[in-house]
Amino acid sequence: MAYDYDLFVIGAGSGGLAASKRAASYGAKVAIAEGDLVGGTCVIRGCVPKKLMVYASKFSHLYEDAVGYGWSKVESSFDWQKLVTAVDNEVMRLNQLHINFLEKAGVELIKSRATLLDPHTVEVDGRKITADKILIAVGGEAVKPNVPGAEYTVTSRGMFHLQEQPKHLVVIGAGYIAVEFACIMHGLGSQVSLMIRTDRILKGFDDDVRSGIQDAMTQHGINIICNSEAKKFEKVSEGIKITFSEKGKDTESTITADAVLVAIGRAPNLAELGLEKAGVETIFCEDEEMPRLHGYSVNCAITVDEYSRTSQPNIFAVGDCTNRINLTPVAIGEGRAFADTEFGNNSRIFSHQDVASAVFSQPEAASVGISEAEARQKLGDAVKTYRARFRPMFHSFTGADEKVTVKLVVDGNTDRVLGAHMVGENAAEIIQGIAIAVKMGATKKDFDATVGIHPSTAEEFVTLR
Ligand code: NDP
């Protein structure tokens, strides 16, 4: 049977864009449908605008640090509207850039939402389109807590469009987004409170990374409210009042802020996609208590195999809607591996092992491989750790009590480095290089045989004893 397209991609985010262009490069006839701007979460309302805001927020610290180096005190003021407009303009530029890339690659862009009608048919604006293969790359969206007044809060999407900079921002959550925005807004001059359910941020990261960031945030003046859960949000004349419970306390407490950011996880965008009609199965979380986005919780996902193939053999899915490792470069890698396998005569599986990631907090942190806790669970006492915590040279004159942490987790039986972790300036840039060594299976001996660049922070990774 002749189809309209060889490949129809639903969602023009990182995964969908990468897969569609790669498939088209092999001569496939490809269309991609997107109901929003082109670029997806990362480009439009995630990594890219976030990183620009991280840059903006760092100046306040640098102005203070400069004084120790002989510069006069900087009298500065910050214009929120100017930053938000500049970020928005950049996002629009990138949206257009991605449209141009698609055109150049010969991929047809359909600026509308698509839904599945059957395994080979999608509907777009009332039009039926057929395709031999379909790729679902619809990403996810932040969920809000199941408590009264949650409509008064914003998610990370709303943070880029706040009319005014909040004087006091309460951030709820303990993951990447909560921690990054707490640091950004603190750097830009807002008073920030971070409310977390336990006593530590960034579950899953190495404990030294978690405490390294958390201690620094507290020291910088971010108010971290531990072991607490929001129970109610109310609009009051001073802003938004949050009623919250604290572990071990019988009575509830309140805190009032100008704005509340909730960052408690993201659920896949699977609502009204027609998955059942096309026979695409999902992992569905039955727990009714879980916060949901149009019925789907953070634990829901499209079920896929290692080739990103769904339960319907001609339909594939990549990126956050499959909830494997929810990072842009992973979605891109999954998308390209799919296109190479299905259209490039090069069958391959994308490896999810040793994927490095960074938290763009202040101080920054990055990791590759496994944490000490995870290594001990697997190998027990055979695990060796090497760790240094020190004041970086930059702060010799600033008077700031900043610390860098570098850490290696090593398998004592084989000497192989299982994990590398860092908290400190440029952690992402440093760990990216180290990730190559870890992925290649480098041993501690290989690290030791490497000559350091002096003076640098990164050299600590090759001098750990
Ligand atoms: P995460 O899944 O990273 O973290 C959310 C955390 O919030 C949970 O781990 C949990 O921590 C806490 N939480 C969950 N429910 C509640 C609740 N009801 N009340 C209070 N706290 C709660 O989600 P994010 O939204 O931060 O990020 C979403 C995704 O985006 C991540 O998968 C990440 O990979 C990606 N991302 C990556 C970035 C990067 O690479 N730099 C940056 C931003 C996002 P606990 O259980 O400890 O309470």
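Checking M440 against (1) farther than 13 Å from S357 by Cα; (2) of a type outside the set (D, E); (3) surrounded by 20 or more Cβ atoms within 10 Å (Cβ to Cβ), only one condition comes out false. Which one?
Among (1) farther than 13 Å from S357 by Cα; (2) of a type outside the set (D, E); (3) surrounded by 20 or more Cβ atoms within 10 Å (Cβ to Cβ), the lone unmet condition for M440 is (3).
What do you reckon, is E108 at pLDDT below 95 and acidic (D, E)? Let's see the steps before the verdict.
Details: at pLDDT below 95: no; acidic (D, E): yes.
In short, no.
Being in a strand (DSSP E or B), more than 21 Å from C42 (Cα to Cα) and not aromatic (F, W, Y) is the requirement here; does T385 meet it?
Details: in a strand (DSSP E or B): yes; more than 21 Å from C42 (Cα to Cα): yes; not aromatic (F, W, Y): yes.
So T385 fits the description; yes.
Please give the strands (runs of 3 or more DSSP E) falling wholly within the stretch 167-242 in which 3 or more residues are more than 9 Å from the ligand (Cβ to nearest atom) and more than 23 Å from the chain's Cα centre (by Cα). Give the steps one after another, and end with the answer.
Values: elements: 168-172, 191-195, 223-225, 228-236.
Counting at least 3 such residues, we get 228-236.
Condition (residue is buried (at least 16 other Cβ atoms within 10 Å of the Cβ) and not hydroxyl-bearing (S, T, Y)) applied to the stretch 66-79: is it met by at least one residue?
Of the residues in the stretch 66-79, the ones buried (at least 16 other Cβ atoms within 10 Å of the Cβ) are none.
No.
For the stretch 147-160, give me the residue count where each residue is more than 9 Å from the ligand (Cβ to nearest atom), over 19 Å from the mean Cα position of the chain (by Cα) and either crowded, with 24+ Cβ neighbours inside 10 Å or not in a helix (DSSP H, G or I) (or both). Write out each step before concluding.
Of the residues in the stretch 147-160, the ones more than 9 Å from the ligand (Cβ to nearest atom) are 148-154, 157-160.
Subsequent filtering for residues that are over 19 Å from the mean Cα position of the chain (by Cα) retains 148-153.
Restricting the remaining residues to those that are either crowded, with 24+ Cβ neighbours inside 10 Å or not in a helix (DSSP H, G or I) (or both) gives 148-149, 153.
The qualifying residues number 3.
Taking the criterion of being at pLDDT 95 or above, surrounded by 15 or more Cβ atoms within 10 Å (Cβ to Cβ), assigned to a helix (DSSP H, G or I) and within 14 Å of the ligand (Cβ to nearest atom), would at least one residue in the stretch 260-268 satisfy it? Outline the logic, then answer.
First pass over the stretch 260-268, keeping only residues at pLDDT 95 or above: 260-268.
Of the ones still in play, those that are also surrounded by 15 or more Cβ atoms within 10 Å (Cβ to Cβ) are 260-268.
With assigned to a helix (DSSP H, G or I) added as a condition, the list becomes none.
Taking every residue of the stretch 260-268 in turn, none turns out to be at pLDDT 95 or above, surrounded by 15 or more Cβ atoms within 10 Å (Cβ to Cβ), assigned to a helix (DSSP H, G or I) and within 14 Å of the ligand (Cβ to nearest atom).
From the list E34, E90, exactly one residue is buried (at least 22 other Cβ atoms within 10 Å of the Cβ), closer than 29 Å to V318 by Cα and not small (G, A, S). Which is it?
Working: E90 fails: buried (at least 22 other Cβ atoms within 10 Å of the Cβ).
Of the residues listed, the single one that is buried (at least 22 other Cβ atoms within 10 Å of the Cβ), closer than 29 Å to V318 by Cα and not small (G, A, S) is E34.
Within the stretch 401-448, which residues are on the phi < 0 side of the Ramachandran plot and of a type in the set (D, E)? Spell out the reasoning first.
Initial filter on the stretch 401-448 (on the phi < 0 side of the Ramachandran plot): 401-414, 416-423, 425, 427-440, 442-448.
Selection gives D401, E402, D411, E425, E429, D446, D448.
Test A358 against the criterion of being crowded, with 24+ Cβ neighbours inside 10 Å, closer than 18 Å to K407 by Cα and under 19 Å from the mean Cα position of the chain (by Cα), and give yes or no. Please lay out each step first, then the result.
Details: crowded, with 24+ Cβ neighbours inside 10 Å: no; closer than 18 Å to K407 by Cα: yes; under 19 Å from the mean Cα position of the chain (by Cα): yes.
Against the criterion (crowded, with 24+ Cβ neighbours inside 10 Å, closer than 18 Å to K407 by Cα and under 19 Å from the mean Cα position of the chain (by Cα)), A358 does not qualify.
Regarding the stretch 275-283, can at least one residue be identified that is part of a loop (DSSP other than H, G, I, E, B), surrounded by 15 or more Cβ atoms within 10 Å (Cβ to Cβ) and at pLDDT below 95?
So far as the stretch 275-283 goes, no, none of its residues is part of a loop (DSSP other than H, G, I, E, B), surrounded by 15 or more Cβ atoms within 10 Å (Cβ to Cβ) and at pLDDT below 95.
Looking at S76, is it in contact with a helix residue (DSSP H, G or I) (Cβ under 8 Å, 6 or more places away or on another chain), in a helix (DSSP H, G or I), of a type in the set (S, T, Y) and farther than 30 Å from A131 by Cα? Let's see the steps before the verdict.
Working: in contact with a helix residue (DSSP H, G or I) (Cβ under 8 Å, 6 or more places away or on another chain): yes; in a helix (DSSP H, G or I): no; of a type in the set (S, T, Y): yes; farther than 30 Å from A131 by Cα: yes.
It is false that S76 is in contact with a helix residue (DSSP H, G or I) (Cβ under 8 Å, 6 or more places away or on another chain), in a helix (DSSP H, G or I), of a type in the set (S, T, Y) and farther than 30 Å from A131 by Cα.
Do the conditions hold for S193, that is, is it in contact with a Leu (Cβ under 9 Å, 6 or more places away or on another chain) and of a type in the set (S, T, Y)? Write out each step before concluding.
Working: in contact with a Leu (Cβ under 9 Å, 6 or more places away or on another chain): yes; of a type in the set (S, T, Y): yes.
Judged against the criteria, S193 is a match.
Test V48 against the stated conditions and say whether it is under 30 Å from K133 (Cβ atoms), assigned to a loop (DSSP other than H, G, I, E, B), in contact (Cβ under 8 Å) with a residue 12 or more places away in the chain and touching a helix residue (DSSP H, G or I) at 6+ places or on another chain (Cβ under 7 Å). Explain how you work it out, then say what you get.
Numbers: under 30 Å from K133 (Cβ atoms): yes; assigned to a loop (DSSP other than H, G, I, E, B): no; in contact (Cβ under 8 Å) with a residue 12 or more places away in the chain: yes; touching a helix residue (DSSP H, G or I) at 6+ places or on another chain (Cβ under 7 Å): yes.
When the stated conditions are applied, V48 does not pass them.
Those residues that are of a type outside the set (A, V, I, L, M, F, W, C), within 16 Å of the ligand (Cβ to nearest atom) and in a helix (DSSP H, G or I), I need them from the stretch 300-355; list them, please.
G319, D320, T322, T328, P329, G333, E334
The values are calculated or read from the model by the stated rules, or taken from the named source; none is laboratory data. Keep in mind that this is a model prediction, so the values were computed, not measured. Backbone-built Cβ (ideal geometry, glycine too); neighbour counts: all protein chains shown.
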